[in-house]
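Structure record follows, encoded as structure tokens.
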Amino acid sequence: MLATIQTVGPVYPLYPKALTFTLVMAIVMVAMGLYQRNSPRESWQYARLVASFIFGFAVVTILFYAIPDLFLGRGVFGLTFVLAFLGILLARLLYNQLTGRKGMKRRVLVLGAGTRAAKVNALEREGNGRQGFQVVGYLPLQGGHQFIDKSKIIAKTESILAIARKHHIDEIVVGVRDRRGGGLPVDEVLQCKIHGIPVVDLSTFFERETGHVQLQSLNPSWIIFSDGFARGSMRDITKRLFDICASILLLLLTLPVMLITALLIPLESRGPVFYRQERVGQGGKPFMVLKFRSMCTDAEKNGNPQWAGQNDSRVTRIGAFIRKVRIDELPQILNVLRGEMSFVGPRPERPFFVEQLTQQIPYYSYRHNVKPGITGWAQICYPYGASVEDAMEKLQYDLYYTKNHSLFLDLIILFQTIQVILFGQGAR
């Protein structure tokens with residue numbers, strides 16, 4: 001045994017190689033959309049898993065040969081990939097099987113059976129069994145109309161705590177608007193919390209389960225008293241340092257692509273290569289955003305700002321391609337360097353649209369509490385929008401980011417943006 005140990009040598013030199021392999025594969029799988037909130041159907045998950053390992057194999061191979069200290073024998077290298085693929089495949093098969101079982105879901109009791117409680121019912125139906133919770137029943141409160149099927153109603157024949165224990169409830173969701181005057185038995189709900197049963201309001205429940213802040217159930221008190229929506233100097237400094245370092249690196253990496261794009265644009269459509277447009281930034285301050293021009297020069301000859309539509313005739317052929325793969329956004333790296341934008345944040349809108357949307361959509365101005373970004377949570381969670389309704393949907397994701405933004409969330413968004421580019425999602 002001692003001879004074997006001496007022959008093999010110390011184990012610690014393998015740590016950098018194992019760490020490199022793990023980081024590369026994790027980044028590739030996140031970028032391929034294998035860890036997104038709304039995962040694709042199972043068959044697509046496995047197809048993306050195979051694609052991730054093929055691409056990851058190529059990246060790791062290049063790194064191992066480019067950096068001599070990371071070199072690994074072909075036998076060990078190949079065996080590592082095979083075992084890793086089989087292990088992750090097995091783990092995903094088990095996860096998909098287990099998450100479909102009711103015993104693995106959080107058992108939820110909803111207080112109320114009105115319109116707000118009906119939203120929980122709709123969310124459960126939309127999940128098609130993939131959501132992480134199971135509504136055991138709805139407990140009607142005094143003075144409220146019922147919008148829930150009678151088969152899902154639990155009669156209040158005893159205390160809420162007794163009902164929760166009887167049905168093995170893991171969480172209670174308060175589904176009434178006025179928690180003090182809407183018939184909510186505060187003392188009984190407090191007893192549930194004291195005895196270890198979590199109690200959450202509807203806004204918090206939807207935020208956690210959907211990854212966005214639902215406007216219909218939002219109220220100012222929730223914004224004031226809930227965690228998040230806060231800015232800290234250390235967080236701002238960290239984000240700014242990350243933006244500067246990433247901007248310099250990305251400028252160097254994408255310079256050849258930007259030069260080629262700058263040469264191609266005038267070949268199809270005469271006019272400037274770059275397009276400057278006023279947008280609204282942090283705190284409502286206007287700034288000039290920089291993009292590669294993807295439309296003809298008289299795109300707004302009538303003088304009225306307008307959103308880009310599906311198959312918009314104003315978009316040139318080269319413009320359609322650079323919009324699809326997001327090359328048109330690359331000059332905004334300079335906006336990031338100047339501190340007007342960040343890599344991640346709500347997309348900046350034009351003052352004309354901001355004025356309209358602020359009047360029509362509640363809480364719209366809250367998205368200006370953070371710097372606008374080249375990409376954002378709304379961009380990876382919701383397709384391109386060109387209407388007030390789309391802006392309202394996107395705002396729900398922007399508010400989620402504004403409330404929960406962190407460097408970790410920024411990294412997740414950046415990696416998942418690669419997936420959006422690869423699969424051409426949301427471009428017009």
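Before we move on, is Arg270 part of a loop (DSSP other than H, G, I, E, B), farther than 25 Å from Ser365 by Cβ and of a type in the set (D, E, K, R)?
Yes.
Taking the options Lys150, Lys156, name whichever one is touching a Pro at 6+ places or on another chain (Cβ under 9 Å), more than 27 Å from Leu218 (Cβ to Cβ), modelled with pLDDT under 95 and assigned by TED's automatic domain parsing to the domain that holds Asn121.
Lys156
Among Ser247, Ser269, which is surrounded by 14 or more Cβ atoms within 10 Å (Cβ to Cβ), in the same structural domain as Pro372 (by TED's automatic domain parsing) and out of contact with any Leu (no Cβ under 9 Å at 6 or more places or on another chain)?
Working: Ser247 fails: out of contact with any Leu (no Cβ under 9 Å at 6 or more places or on another chain).
Selected residue: Ser269, the only one of Ser247, Ser269 that is surrounded by 14 or more Cβ atoms within 10 Å (Cβ to Cβ), in the same structural domain as Pro372 (by TED's automatic domain parsing) and out of contact with any Leu (no Cβ under 9 Å at 6 or more places or on another chain).
Could you look through the stretch 128-145, keep only residues that are surrounded by 15 or more Cβ atoms within 10 Å (Cβ to Cβ) and without any contact (Cβ under 8 Å) to a residue 40 or more places away in the chain, and pick out the one that is farthest from Ile197 (Cα to Cα)?
Out of the qualifying residues, it is Gly144.
Going by what's in this entry, would Ile172 be described as farther than 20 Å from Leu407 by Cα and either in the same structural domain as Lys371 (by TED's automatic domain parsing) or crowded, with 19+ Cβ neighbours inside 10 Å (or both)?
yes
Collect the residues in the stretch 326-356 that are assigned to a helix (DSSP H, G or I), hydrophobic (A, V, I, L, M, F, W, C) and within 13 Å of Arg279 (Cβ to Cβ), keeping them in residue-number order.
Once the filter is applied, which keeps residues that are assigned to a helix (DSSP H, G or I), hydrophobic (A, V, I, L, M, F, W, C) and within 13 Å of Arg279 (Cβ to Cβ), the stretch 326-356 yields Phe352, Phe353, Val354.
Of the residues in the stretch 163-176, how many are within 13 Å of Val189 (Cβ to Cβ) and out of contact with any Cys (no Cβ under 9 Å at 6 or more places or on another chain)?
Within the stretch 163-176, residues that are within 13 Å of Val189 (Cβ to Cβ) and out of contact with any Cys (no Cβ under 9 Å at 6 or more places or on another chain) number 6.
Working carefully through the options Gly339, Gly373, find the one that is touching a residue at least 24 places away in the same chain (Cβ under 8 Å) and crowded, with 22+ Cβ neighbours inside 10 Å.
Numbers: Gly339 fails: crowded, with 22+ Cβ neighbours inside 10 Å.
Result of the check over Gly339, Gly373: Gly373.
Could you tell me which residue of the stretch 284-306 is farthest from the chain's Cα centre (by Cα), considering only residues that are among the basic types (Lys, Arg) and within 18 Å of Arg323 (Cα to Cα)?
Within the stretch 284-306, the match that is farthest from the chain's Cα centre (by Cα) is Arg293.
I'd like the full set of residues that are part of a helix (DSSP H, G or I) and exposed (fewer than 11 other Cβ atoms within 10 Å of the Cβ), limited to the stretch 191-237.
Hits for the stretch 191-237 are Ile194, Pro220, Ile224, Phe225, Ser233, Met234, Ile237.
Inspect all residues belonging to the stretch 266-283 and state whether any of them is at pLDDT below 85 and either under 26 Å from Gln356 (Cβ atoms) or within 28 Å of the chain's Cα centre (by Cα) (or both).
no
Please go through the stretch 190-218 and pick out each residue that is under 12 Å from Val174 (Cα atoms) and touching a Cys at 6+ places or on another chain (Cβ under 8 Å).
Val199
The values are calculated or read from the model by the stated rules, or taken from the named source; none is laboratory data. Here the structure is a predicted model, which means the values were calculated and not measured. In this analysis, Cβ positions are derived from the backbone assuming ideal geometry, glycine residues included, and neighbour counts consider all displayed protein chains.
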